[in-house]
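K.L.:
Structure below; questions to follow.
The values are calculated or read from the model by the stated rules, or taken from the named source; none is laboratory data. A quick note: this is a predicted structure, and the numbers were derived from the prediction, not measured. Reconstructed Cβ throughout: ideal geometry from the backbone, glycine too, with neighbour counts over all protein chains shown.
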Amino acid sequence: MNKKNSLAIILAITLTVLLIISGCAQDSDDDKGSDSTATELEGTWNKACSYNSTALMDILESFVFSGESYHMYNYFYDTTNDSCGGTLNLVQDGIMTFSIGNALDPTTDLKEIDITLTDLTYTPKSNAGITLANTDCSGDVVFTAMDETKSVKGFACDHLSTVPLNTTLYSVYRLNTSVTPNVLQFGDVKTSIAERPTTIAVSADSHIKQ
């Protein structure tokens with residue numbers, strides 16, 4: 001399987017598990033996030049690093065919440081042993097805004113969350129990452145330097161192509177503060193408010209507060 005298909009599968013899986021939340025864009029609007037009121041999700045939440053046999057590399061998934069904005073990062077490393085301790089090759093960033101709604105039945109500890117995708121970017125962090133990004137984008141977007149961030153939404157490497165920009169998505173989350181560090185989990189994401197989930201699967205990924 002080529003690397004383009006590998007990245008497509010990885011980001012598609014990440015979105016299914018969650019489109020679930022996300023990040024703040026690092027541009028002139030960053031200050032808006034810092035001026036917003038912090039929520040209980042404020043900060044960085046990481047899933048344990050794991051080797052992915054499709055991408056053939058270690059991947060670290062990280063959610064960063066700031067004010068009302070949120071990044072869903074995927075960090076691609078050249079290690080293959082669940083360590084994410086090697087060279088960082090590529091960063092994928094799903095940039096979103098979010099708002100927290102009502103608590104559901106208190107016995108479930110679930111709260112509503114609405115998410116809106118505003119952009120998807122790639123940033124190569126090594127020469128290998130430049131090659132990886134260019135291969136994945138099939139020439140639609142061309143990367144020539146490390147630390148060069150470009151939007152890929154709407155191009156060949158837009159693996160969130162089924163998710164339109166600036167459209168609200170509906171989900172729920174559970175924040176477990178009874179353990180240290182705290183643990184965050186999300187339910188499925190739906191395009192209709194009437195289909196918002198009321199449960200979180202037992203197998204849902206856990207993201208740990210950093």
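K.L.:
Report, ordered by the first and then the second residue, all pairs with beta carbons closer than 7 Å, sequence separation of six or more or different chains, a first member in region 163-182 that is closer than 25 Å to residue 106 by Cβ, and a second member that is of a type in the set (Phe, Trp, Tyr).
P.N.:
What qualifies is 171/186; 173/186.
K.L.:
Also: Between a first residue in region 138-158 that is closer than 13 Å to residue 91 by Cα and a second residue that is in a loop (DSSP other than H, G, I, E, B) and at pLDDT below 95, which pairs have beta carbons less than 6 Å apart while being 6 or more apart in sequence or on different chains?
P.N.:
Taking only residues 6 or more apart or on different chains, the pairs are 152/158.
K.L.:
Checking the structure you have, find out if any residue of region 87-94 is buried (at least 20 other Cβ atoms within 10 Å of the Cβ) and of a type in the set (Asp, Glu).
P.N.:
Among the residues of region 87-94, at least one is buried (at least 20 other Cβ atoms within 10 Å of the Cβ) and of a type in the set (Asp, Glu), which makes the answer yes.
K.L.:
Within region 49-77, work out how many residues are surrounded by fewer than 18 Cβ atoms within 10 Å (Cβ to Cβ), within 25 Å of residue 143 (Cα to Cα) and either touching an Asp or Glu at 6+ places or on another chain (Cβ under 8 Å) or among the charged types (D, E, K, R) (or both).
P.N.:
Count: 1.
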